[in-house]
Amino acid sequence: MSRVQIKRAILSVFNKEKIVDFAKELEKNNVEILSTGGTYTLLVEKGIKCIKIEDFTGQKEFFGGRVKTLNPLIHGGILSKRDKESDDLEIKTIDLVVVNLYPFESIVEKGEKNIEELIEMIDIGGPTMLRSCAKNYKFACPVPSSDFYDIIIEDIKSGGLTEETRFKMALEVFKLTSYYDSVISNILSKFSVNDKDSIYTNKSDIYNNFSQNFTIPLKKEIDMRYGENPHQKASYYHIPDYKENKLSDFFTEGKLWGKELSYNNICDATAAINILTDLDDKSCVVIKHQNPCGAASRANIYESFMAAYEGDKTSIFGGIVGFRGIVDEKTAKALSDIFLEIIIAESYTDEAYNILTKKKNIRLLKYENWKNTIFSDNSFQEIKKVVGGFLVQNKDFINPKNEEFKVATTVSPTKEQIEDLKFAQTIVKNVKSNAIVLIKDKMLLGVGAGQMNRVTSARIALDWAGDKAKGAVLGSDAFFPMPDTALLAIERGIVAIIQPGGSINDKDSIKVCNDAGIPMIFTEIRHFLH
């Protein structure tokens with residue numbers, strides 16, 4: 001494999017970690033060093049011989065340092081094919097480009113929201129040199145991070161950089177620069193030209209943005225032990241954003257106690273957050289395999305948990321419990337009697353924390369970012385992998401509590417029934433389709449999830465609830481194609497039904513409810529979840 005000897009290098013880095021030792025190694029191997037700005041100053045202070053880039057090109061920096069390396073002699077030296085044309089032009093070749101980029105991502109995570117300041121941290125010269133060098137990897141080598149310094153020096157000492165090393169570095173560059181540009185695009189898209197100092201001034205534009213090209217910057221946060229199953233490898237990636245909107249902190253800084261999170265833990269915790277976002281304060285939800293198996297809303301956290309627990313004492317084993325509120329000592333004692341994977345809450349009292357951390361296998365997570373949940377981490381879109389590509393859609397942000405509805409039957413629901421019906425819609429929206437839920441006194445009594453026909457989902461939910469189904473309301477994520485679901489519900493004692501409506505057979509289900517004297521309301525909004 002052919003090697004390239006390094007005779008001349010450009011060193012221009014924002015992050016100066018290890019750069020002095022690296023430059024010393026280059027100097028020992030008779031490499032001529034070109035540099036600029038703070039890198040040049042540092043290297044000279046350390047006694048390393050450098051040539052200023054402006055002396056090499058004969059062109060001084062201008063526009064306040066915006067233009068330093070954008071020069072034909074620099075890019076010609078990098079892109080040269082080392083042939084007769086290059087010789088005739090008397091272009092001095094540049095064999096190594098050591099550059100890292102302005103930390104745009106870092107200043108975002110530190111909270112900078114002034115768009116003019118953000119723009120000044122968009123690197124132009126660095127990515128341009130790296131990309132030029134990556135394109136010409138047959139003759140030169142880019143080095144985009146101090147992580148690769150040791151590899152480069154080892155190759156140089158062995159007689160030159162191998163083609164394998166050069167190609168690997170080229171790929172690293174293209175991954176880095178595409179990610180870098182994606183971060184910039186993602187952050188600037190949150191601003192409006194009419195209000196440059198405020199983020200999310202154009203929520204509607206972002207929500208409805210289905211542009212021809214779609215990128216998401218993803219940065220690895222956690223290496224999982226394994227994926228959905230032990231034979232699958234997995235990692236968790238986050239999307240760079242302002243700290244108050246960066247939901248990935250929930251799985252890192254928000255983990256107050258316990259061993260590392262698994263792939264399935266993160267999926268289930270996300271399902272819990274999605275439901276709790278739509279529920280009232282003091283509510284509780286229990287999640288198993290991304291479906292709710294318990295949920296309730298009461299006057300305090302303890303009562304909500306006990307009601308959620310009563311809904312299904314079996315499925316809660318090994319599940320996740322989430323709260324919209326602070327876990328207190330009384331609730332912690334009740335939780336500690338059950339084997340749970342994760343507890344999510346806005347906070348924990350000292351007494352509660354001391355009780356729960358005695359259980360070595362539990363994980364305690366803190367989440368209180370409810371108002372920003374839907375405006376964070378590119379959450380405006382949902383992405384699903386399919387054969388040959390991806391499907392992208394708007395997220396189902398509609399909060400069922402705010403849905404308008406019409407009474408389809410001659411009988412109208414009572415005030416109490418309306419409260420339960422809205423609660424049912426909030427829960428069923430987050431159950432895998434076909435989905436049916438049973439609710440009484442804002443407590444989940446039965447769930448029918450993921451069945452291929454609606455009446456089977458209803459039967460599962462009703463069998464689950466047993467005698468408790470009498471006096472409960474039923475919620476459905478989609479219309480009743482036939483009156484069989486309404487008939488079964490009435491037979492088991494259901495007193496009110498909520499569903500989107502829209503079936504050509506709606507009149508048959510309405511008649512069944514009218515004959516039984518129970519109300520049925522239509523929301524005209526479907527909530528499929530797959």
State all residues of the range 458-510 that are surrounded by 22 or more Cβ atoms within 10 Å (Cβ to Cβ) and of a type in the set (D, E, K, R); if no residue qualifies, say none. Asp477
If I filter the range 253-268 for residues that are out of contact with any helix residue (DSSP H, G or I) (no Cβ under 9 Å at 6 or more places or on another chain), touching a residue at least 24 places away in the same chain (Cβ under 8 Å) and within 21 Å of Gly446 (Cα to Cα), do I get at least one hit? yes
I need the full set of residues from the range 149-194 which are among the charged types (D, E, K, R), surrounded by fewer than 19 Cβ atoms within 10 Å (Cβ to Cβ) and over 26 Å from the mean Cα position of the chain (by Cα), in order please. Asp150, Glu154, Lys157, Glu163, Glu164, Lys168
Out of the residues in the range 27-59 that are of a type in the set (Ser, Thr, Tyr) and assigned to a helix (DSSP H, G or I), state the one that is surrounded by the most Cβ atoms within 10 Å (Cβ to Cβ). Thr39
The residue from Glu116, Glu112 that alone is within 17 Å of Tyr102 (Cβ to Cβ), in a loop (DSSP other than H, G, I, E, B) and in the same structural domain as Ile94 (by TED's automatic domain parsing) is Glu112
Residue list for the range 459-475, filter: touching a strand residue (DSSP E or B) at 6+ places or on another chain (Cβ under 9 Å) and over 18 Å from Lys422 (Cα atoms): Arg459, Ile460, Leu462, Asp463, Trp464, Ala465, Gly466, Lys468
I need every pair where a residue in the range 13-32 that is assigned by TED's automatic domain parsing to the domain that holds Phe104 has its Cβ under 7 Å from the Cβ of a residue that is of a type in the set (Phe, Trp, Tyr) and surrounded by 15 or more Cβ atoms within 10 Å (Cβ to Cβ), sequence separation at least 6 or different chains. Phe14/Tyr102; Lys18/Tyr149; Phe22/Tyr149
Given (1) surrounded by fewer than 16 Cβ atoms within 10 Å (Cβ to Cβ); (2) among the hydroxyl-bearing types (Ser, Thr, Tyr); (3) over 25 Å from the mean Cα position of the chain (by Cα), identify the lone condition not met by Ser146. (1)
Test Glu228 against the criterion of being under 28 Å from the mean Cα position of the chain (by Cα), over 23 Å from Lys468 (Cβ atoms) and not aliphatic (A, V, I, L, M), and give yes or no. yes
Return yes when Phe250 is buried (at least 19 other Cβ atoms within 10 Å of the Cβ) and either at pLDDT 95 or above or of a type outside the set (Val, Ile, Thr) (or both) and no when it is not. yes
Take residues that are among the polar types (S, T, N, Q) and modelled with pLDDT of 95 or more and tell me which of the helices (runs of 4 or more DSSP H) falling wholly in the range 123-215 contain 1 or more. 125-135, 163-188
Any residue in the range 315-344 that's assigned by TED's automatic domain parsing to the domain that holds Ile301 and on the phi > 0 side of the Ramachandran plot: show its pairings with residues that are in a helix (DSSP H, G or I) and hydrophobic (A, V, I, L, M, F, W, C) at Cβ separation under 9 Å, as long as the two are six or more apart or on different chains. Gly325/Ile301
Is one or more of the residues making up the range 112-132 without any contact (Cβ under 8 Å) to a residue 24 or more places away in the chain and touching a Leu at 6+ places or on another chain (Cβ under 9 Å)? yes
Just checking, how many residues over the range 279-297 are buried (at least 24 other Cβ atoms within 10 Å of the Cβ), in a strand (DSSP E or B) and either of a type in the set (Val, Ile, Thr) or within 24 Å of the chain's Cα centre (by Cα) (or both)? 5
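The values are calculated or read from the model by the stated rules, or taken from the named source; none is laboratory data. Here the structure is a predicted model, which is why all the values come from computation and not from measurement. Glycine also receives a Cβ, built like all others from the backbone with ideal geometry; neighbour counts cover every protein chain displayed.
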